[in-house]
Amino acid sequence: MNIALGNRLREFRRLNSFTQKEFAKKVGVSTVFISKTERGLKMPSLHTLIKMAKVLRVSPNWLLCDSVVAATNPPEFLEHISEMTHKQRMQMIAMLKRMLVLLKMIDN
């Protein structure tokens with residue numbers, strides 16, 4: 001069983017403000033399956049994992065890789081994001097995109 005995967009799914013689901021029911025519907029699985037996966041009792045198939053990642057707008061690697069998530073998404077950062085409104089998250093994403101453009105300009 002994979003509790004780490006379940007925890008990451010739960011974190012990203014909450015960051016996207018999805019209930020288990022909403023997330024399950026978007027992925028095409030049951031709410032019970034989402035609940036069991038988040039608790040580490042079920043492991044999604046590769047096909048389902050890819051659907052989950054697309055719905056959550058993350059790479060499947062992010063869901064599977066402990067070190068990448070731990071290194072780039074400290075829990076306190078995730079807490080701040082989860083407390084933001086949808087509008088605030090969209091503003092933050094726009095700011096990050098502008099920062100990435102600037103960083104690329106600096107690197108060149």
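The values are calculated or read from the model by the stated rules, or taken from the named source; none is laboratory data. Everything numeric in this text was worked out from a predicted model, so none of it was measured. Ideal geometry is used to build each Cβ from the backbone, glycine not excepted, and the neighbour counts take in all protein chains shown.
Search the range 27-43 for residues that are over 15 Å from Phe12 (Cα atoms) and pair each with any residue that is aliphatic (A, V, I, L, M) and modelled with pLDDT of 95 or more when their beta-carbon atoms are under 7 Å apart and the residues are at least 6 apart or on different chains.
Ser30/Ala24; Thr31/Ala24; Phe33/Ala24
Considering only residues that are surrounded by fewer than 13 Cβ atoms within 10 Å (Cβ to Cβ), at pLDDT 75 or above and either of a type in the set (A, V, I, L, M) or assigned to a helix (DSSP H, G or I) (or both), which ones fall in the range 74-89?
Going residue by residue through the range 74-89, those that are surrounded by fewer than 13 Cβ atoms within 10 Å (Cβ to Cβ) are 74-77, 79-80, 83, 85-88.
Now restrict to residues that are at pLDDT 75 or above: 83, 85-88.
Glu83, His86, Lys87, Gln88 - these are the residues of the range 74-89 that are surrounded by fewer than 13 Cβ atoms within 10 Å (Cβ to Cβ), at pLDDT 75 or above and either of a type in the set (A, V, I, L, M) or assigned to a helix (DSSP H, G or I) (or both).
I'd like the full set of residues that are small (Gly, Ala, Ser) and touching a Ser or Thr at 6+ places or on another chain (Cβ under 6 Å), limited to the range 16-52. Break it down stepwise before answering.
Of all residues in the range 16-52, those small (Gly, Ala, Ser) come to 17, 24, 28, 30, 35, 40, 45.
Listed by number, the list holds a single entry, Ala24.
For the subset of the range 26-54 comprising residues that are of a type in the set (S, T, N, Q) and closer than 15 Å to Leu5 by Cα, which member is modelled with the highest pLDDT?
Ranking the candidates gives Ser35 first.
Restricting attention to the range 55-73, does a residue exist that is at pLDDT 85 or above and not in a loop (DSSP other than H, G, I, E, B)?
Yes.
Residues to consider are Leu15, Leu41; find the one that is closer than 21 Å to Arg89 by Cβ and out of contact with any His (no Cβ under 8 Å at 6 or more places or on another chain).
None of the other options fit; the residue is Leu15.
Could you tell me how many of the residues in the range 24-61 are among the hydrophobic types (A, V, I, L, M, F, W, C) and surrounded by fewer than 16 Cβ atoms within 10 Å (Cβ to Cβ)?
The initial filter retains those residues of the range 24-61 that are among the hydrophobic types (A, V, I, L, M, F, W, C), namely 24, 27, 29, 32-34, 41, 43, 46, 49-50, 52-53, 55-56, 58.
Okay, now just the ones that are also surrounded by fewer than 16 Cβ atoms within 10 Å (Cβ to Cβ), so 32, 41, 43, 46, 50.
Adding up the residues that qualify gives 5.
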